[in-house]
Amino acid sequence: MVIDIITKVFMAIISLIGLAMLFWSISLFFQYRKFLNTSKKTYGELVEYGMFRIGAGPSHGYYTPKIRFLSDTGKEFYFSSKVGFTPWRKKFDNPKKIPVIYDPKNPNDAEIDSKLVHFVRLFLPMLGGLFFLGIGLFSFFY
């Protein structure tokens with residue numbers, strides 16, 4: 001009896017976390033969609049890779065590329081991608097010509113223009129929210 005109540009409360013908390021993640025991801029979706037609609041496109045050049053470690057050892061981390069690009073006014077800007085790659089994905093086909101999108105009002109707000117980056121930024125948080133909400137609701141009702 002007590003375990004059933006604790007389980008139901010825990011699953012309700014998991015559902016609320018999933019619901020909060022879902023609302024947060026929908027907000028991020030609209031912000032990023034607005035960014036995509038108002039951004040300018042150009043090409044940048046790979047400067048270096050930054051390594052963020054998430055454990056010990058060379059394979060416990062991911063790389064974020066640092067990219068240099070010129071805005072439409074000719075000013076030089078640098079940014080590090082918000083999406084990182086594991087070591088096996090750290091090479092670009094042409095490191096001298098990387099597609100970049102940036103906010104013309106704030107060129108420091110820039111990102112690599114790739115389907116993978118768009119997927120990670122737009123849909124991965126939403127999938128996480130749906131996952132937690134689904135697990136919580138399924139366990140709560142069954």
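A full extension of the chain between residue 78 and residue 115 corresponds to an added length of 11.2 nm, given 0.36 nm per residue minus the alpha carbon distance. Spin-label model, residue 19 to residue 70: label points 7 Å out along the Cα-to-beta-carbon direction sit 5.3 nm apart. Footprinting exposure proxy ranking of 98, 5, 26, 67, fewest other C-beta atoms within 10 angstrom first, gives 5, 26, 98, 67. A DSSP coil position with no more than 13 other Cβ atoms inside 10 Å describes none of the trypsin sites (Lys or Arg not before Pro) in segment 1-43.
Scalar couplings 3J(HN,Hα) for segment 70-79, obtained by applying the Karplus form with A = 6.51, B = -1.76, C = 1.60 to θ = phi - 60°, are 9, 6, 5, 8, x, 7, 8, 9, 10, 8 Hz; x denotes Gly and Pro.
Counting only residues at least eight positions apart within a chain, or on another chain, the aspartates and glutamates with an alpha carbon under 16 Å from that of residue 40 are 72, 76, 103, 109, 111, 113. Given their separation in residues at 0.36 nm each and the Cα-Cα distance between them, residue 137 and residue 106 gain 7.0 nm when the chain is fully extended. Between residue 30 and residue 126, the simple label model (points 7 Å from Cα in the Cβ direction) yields a spacing of 1.3 nm.
The numbers here are math on the coordinates, done by the rules we state, and not lab data. Keep in mind that this is a model prediction, so the values were computed, not measured. Note: ideal-geometry Cβ built from the backbone for every residue, glycine included; neighbour counts use all protein chains shown.
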